[in-house]
Amino acid sequence: MKKTTRWILIISSIAIVGSVLWNTYVFFQRFKEEERSKMKIWAEALGEFIQTTDLDRDMGTVTLAVMKNNTSTPIIYVGDEGEITSNNLPENRVDDSLYIQRKIRQFTTENPPIEVTFRNTKYGTLYYGNSDVLNNLKYYPVALLMVIFLFAAVVYFFYRTFKVADQNKLWAGMAKETAHQIGTPLSSLLGWSELLKAENVNPEITTEIEKDIDRLLVITERFSKIGSVPALEKSDVVAETYKTFQYLELRSSKLVEFDFKSPEIPIYCEINRQLYSWTIENLIKNAIDAMKGKGRLTVEVELDKKFVKINVIDIGKGIQKNDFHQIFEPGYTTKKRGWGLGLSLVKRIIEDYHNGRVRVFASTIGKGTKMQIVLKTSP
C-alpha cells in the first residue's frame, strides 16, 4: 500500500511539473508571437515615416503613436544605404559599431529580421531582440524547477531526519533491553564463580572464568550507555589500548601475529573507557576479518604534539578509495554475515562522544589497510 501511494505521488508530481512547464512554454511562444506582430506594425509605421519624410508630407497621428509606443523591445534599424539607428539600447553604446554588430547577430538568432517596406518599396531591415519581460519569462521554468527541487530536498531532509531519529530510538531501546537481559544470567554466573572457588577448583580455571565474566560486565555497560551521553574521564590511552589488544590477542587465532607499538610514557585523554575499548575491539576484529584470520596485525599509539594517533594496521584485502567514507555508513558491509554496524559505532563513539576523528588513513588493494583514530590529549 505504501509503495503504491509513493508511486502515485511521484507520478502526480511529475505530471504537475510537466503541465506547468508545458503551459509556460505555450505562454512564452504566444507572447513571442504577439511581440513579433507588434514589431511588424512598428516596421510598417517606420516605413510610412521614412516615406513621409522623403515626400515632406504631414505624418498621421496613428503612425506617431505606434513609433512612440515601443519602450521595451530593443531594436536596430539598418537602412539600405547603411545608416543605422537604434532604440531601447544603452545610450553610451549606440555609437559603438562593434557592439551594434554583435547585437545584430544576437537579435538575428533570437528573432528573424523584418524588412521595412511601404507600398512595395524596401527601405531597410529591422532587427529586434527579446524584451525584458520575455527574457524573464524564458528563465521562469528554471526558477520554478529550482524552487520545486529545494522544496523536495527540504521535505526529504526532514523525512530522513525523523526516520533516523526513530531508528536511533529503536536501537537505543534494543541495546538497553539487551543489557537488562544479560544482567540476570550474569548475576548467576558471578554466584557460580564464587561457589567454584569455595569448592577449591583449580584457580587457573576460576581466574579465566572471572575474566570472561568481567568481559560480559563491560559489554553490558557498553550497551547500557547507548542512547545517553557517556561520562568522560582522564585515562591513559596507551594502557587502555593495550588492555583491549591483549584481551583479543589471547582469544584470537594463533595464525594472526599481533604487534603492539607505543611510547614508553603514558598518554592521557578524556575518554570513556568502556566505549573506547569497544572502538579498538571493532577495529581489530575488522582487521582480522580483512586478513581472513591469518596475517600480521599491528596496533600503534603515537604522540603528535597535542594529539594522540591510534593506528590499526592489517595486511588484508584493502579498501577501494571510493569506499573510504562509505564504510562508516550504517548497514554497509562486505561480509556475508553481519549488519554493518561496527564501523558506524566506532565513528559515532569517537566523533560524537570524544570529539575525535576516525578515518581510513591509507589502503592498498591486496596489501592492507591502516585505520586511524585521532584524539586530543589532556594536560
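Computed values, structure above
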read-out: Matching entry among T364, T369 (being farther than 18 Å from K234 by Cα, open to solvent by 50 Å² or more (accessible area, probe 1.4 Å), among the polar types (S, T, N, Q) and at pLDDT 90 or above); value: T364
read-out: Residue, modelled with the lowest pLDDT, within region 349-361, restricted to residues that are among the charged types (D, E, K, R), within 21 Å of D236 (Cα to Cα) and out of contact with any Asp or Glu (no Cβ under 8 Å at 6 or more places or on another chain); value: D352
read-out: Any hit, region 119-133, residues being surrounded by 14 or more Cβ atoms within 10 Å (Cβ to Cβ) and assigned to a helix (DSSP H, G or I); value: no
read-out: Output for region 149-164, where each listed residue is at pLDDT below 75 and open to solvent by 100 Å² or more (accessible area, probe 1.4 Å); value: Y159, F162
read-out: Which listed residue, of Y276, Y242, Y247, is modelled with pLDDT of 95 or more and not aliphatic (A, V, I, L, M); value: Y242
read-out: Among residues of region 35-54, those that are open to solvent by 50 Å² or more (accessible area, probe 1.4 Å) and within 15 Å of T71 (Cα to Cα), counted; value: 3
read-out: Selection status of E281, touching a strand residue (DSSP E or B) at 6+ places or on another chain (Cβ under 6 Å) and at pLDDT 90 or above; value: no
read-out: Matching residues, region 259-275, being open to solvent by less than 80 Å² (accessible area, probe 1.4 Å) and touching a helix residue (DSSP H, G or I) at 6+ places or on another chain (Cβ under 9 Å); value: F260, S262, P263, P266, I267, C269, I271, N272, Q274, L275
read-out: Matching residues, region 76-118, being touching a residue at least 60 places away in the same chain (Cβ under 8 Å), open to solvent by 20 Å² or more (accessible area, probe 1.4 Å) and closer than 27 Å to R30 by Cβ; value: E115, T117
read-out: Conditions (1) modelled with pLDDT of 75 or more; (2) open to solvent by 60 Å² or more (accessible area, probe 1.4 Å): number failed by T61; value: (1)
read-out: Residue within region 67-75 that is part of a loop (DSSP other than H, G, I, E, B), touching a strand residue (DSSP E or B) at 6+ places or on another chain (Cβ under 7 Å), at pLDDT 75 or above and open to solvent by less than 30 Å² (accessible area, probe 1.4 Å) present; value: yes
read-out: Condition broken by V256, with the remaining ones in (1) loosely packed, with under 15 Cβ neighbours inside 10 Å; (2) at pLDDT 70 or above; (3) not aromatic (F, W, Y) satisfied; value: (1)
read-out: Residue that is surrounded by the most Cβ atoms within 10 Å (Cβ to Cβ) [pool: residues in region 276-298 that are more than 29 Å from the chain's Cα centre (by Cα) and part of a helix (DSSP H, G or I)]; value: I284
read-out: Qualifying residue in region 250-268 (condition: in a helix (DSSP H, G or I) and more than 14 Å from V312 (Cβ to Cβ)); value: yes
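The values are calculated or read from the model by the stated rules, or taken from the named source; none is laboratory data. For clarity, every value in this text was computed on a predicted model and none was experimentally measured. Positions of Cβ are generated from backbone atoms using ideal geometry, with glycine treated the same way; all protein chains shown enter the neighbour counts. Just so you know, the surface numbers come from the protein's heavy atoms only, side chains and all, with ligands and any DNA or RNA stripped out. Shrake-Rupley method; radii C 1.70, N 1.55, O 1.52, S 1.80 Å.
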